[in-house]
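Data first, discussion second: the structure below is written as structure tokens.
Read-outs: derived from the displayed coordinates by stated rules, not from any lab. Source: prediction; values computed, not measured. No Cβ is skipped: glycine too gets one built from the backbone with ideal geometry, and neighbour counts run over all protein chains shown.
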Amino acid sequence: MLESKKKAILEQWMKNQLADDSLREDLISNEELRSQSEELISALVGNLSMADLTDLDSDEWSPVIEILGGISITRARQGFTPRETGNFVFTLKEALLTVLQAEISDNPQLLFEESMKINRLMDSLSVVTFETFIKGREEVILRQTDEIADISTPVIRVWDGILALPIIGTLDSARTQIVMENLLQEIVETGSSIAILDISGVPAVDSLVAQHLIKTVSATRLMGAECIISGIRPEIAQTVVHLGIDLSNIITKASLASALAYAFKSMRLEVRKANSVQKSNTF
């Protein structure tokens, strides 16, 4: 019966979706929405008569799950919320029940039994939708995290033979690995002999962060370069002292400017302000 009423289901579903206040017309056009809805209905209604409605893991439901999963992941990447994505399935359930009620309203017992089947089926598909959406959103978050990590650990060539790496945010084991890899790679490529780690953007330093910094300094020295830690604020200095962390064998400076001045001195470089040349007027 639902197979023969597929067009009516589609029209009722589109009506439900377009009437929903949470519809994101800025993220999806009505044409694309209709195309997705038609594709899902064709696969879903075609399966109702030949598949087990309780076993969504069976091969018969693979086309439906694949279509619904693709839509969920796409919406997660486009910026839809879980509620907006869930309404895509909920409004379909309303459309199915509306058409079902119109067709067998003269048989209350049969209507109740078939409505319960549709409810259970669509609730299961809703769970699949949310699980796939969460997976897609996690992929987006992981990709953005990797991109932010790369952006927040730039190795800057401030002078011939001098590199600077400003660190912003908290240092953990994974990020320390990225910092070391980027820094060591840049040392090899540029042949630099001094590297400055600026931690003025690190909110707090505990024993774990200090250990990560020490590992980075040690790795830099193994590459034949001297490492300077700058950006030591008063509160960070007090924390390091209270924790009993030994940084005596590491060169530390209060600011990046001080570290750069020390680097110039170590390399026997001198930077002077050029005297302004006054031009004489000629007549």
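Any chance you could give the angle, 0 to 90 degrees and rounded to 10, that helix 62-78 forms with the longest Cα principal axis of the chain?
Between the helix axis and the principal axis of the chain, the angle is about 40 degrees.
Between rounded, prolate and oblate, where does the range 54-159 land on the alpha carbon gyration tensor, with a ≥ b ≥ c its root eigenvalues, rounded for a/c under 1.5, else prolate if a/b exceeds b/c?
Verdict is prolate for the range 54-159.
From the Cα gyration tensor of the range 1-108, with a ≥ b ≥ c the square roots of its eigenvalues, which class applies: rounded if a/c is under 1.5, or else prolate if a/b is larger than b/c, or else oblate?
Oblate shape, in that a/c is at least 1.5 and b/c is the bigger or equal ratio.
Name the chymotrypsin sites (Phe, Trp or Tyr not before Pro) in the range 83-175 that are in a loop by DSSP and that have at most 13 other C-beta atoms within 10 Å, would you?
none
Between Ser4 and Glu189, what length comes free when the chain is fully extended (0.36 nm per residue of separation minus the Cα-Cα distance, one decimal in nm)?
This chain segment gains 59.8 nm when fully extended.
For Asp123 and Lys273, compute 0.36 nm times the residue count separating them, minus their Cα-Cα distance, and round to one decimal in nm.
46.6 nm is the gain from fully extending Asp123 to Lys273.
Using a Förster distance of 30 Å, how high is the FRET efficiency between Ser35 and Leu142, based on the Cβ-Cβ distance and rounded to 0.05?
0.55
Between Lys265 and Thr170, with labels modelled 7 Å along Cα→Cβ, what's the label distance in nm to one decimal, could you check?
3.6
Quick one, which of [x] 31.8, 112; [y] 17.8, 52; [z] 29.5, 101 is the actual Rg and Dmax of the Cα atoms in Å calculated for this model?
Answer label, from the structure shown: [x].
Work out, step by step, the length gained on full extension between Glu66 and Glu11: first 0.36 nm times the residue separation, then minus their alpha carbon distance; give nm to one decimal.
That works out to 17.5 nm of additional length.
Using alpha carbons only, what's the Rg to Rh ratio of the range 120-194 with Rh from Kirkwood?
For the range 120-194, the value is 1.32.
On a 0 to 90° scale, report how tilted helix 256-266 is relative to the longest principal axis of the chain, with both axes built from alpha carbons and the result rounded to the nearest 10.
Taking Cα atoms only, the helix is inclined about 40 degrees.
Which angle between 0 and 90 degrees, to the nearest 10, do you get for helix 173-190 versus the longest principal axis of the chain when only C-alpha atoms count?
The angle comes out near 50 degrees.
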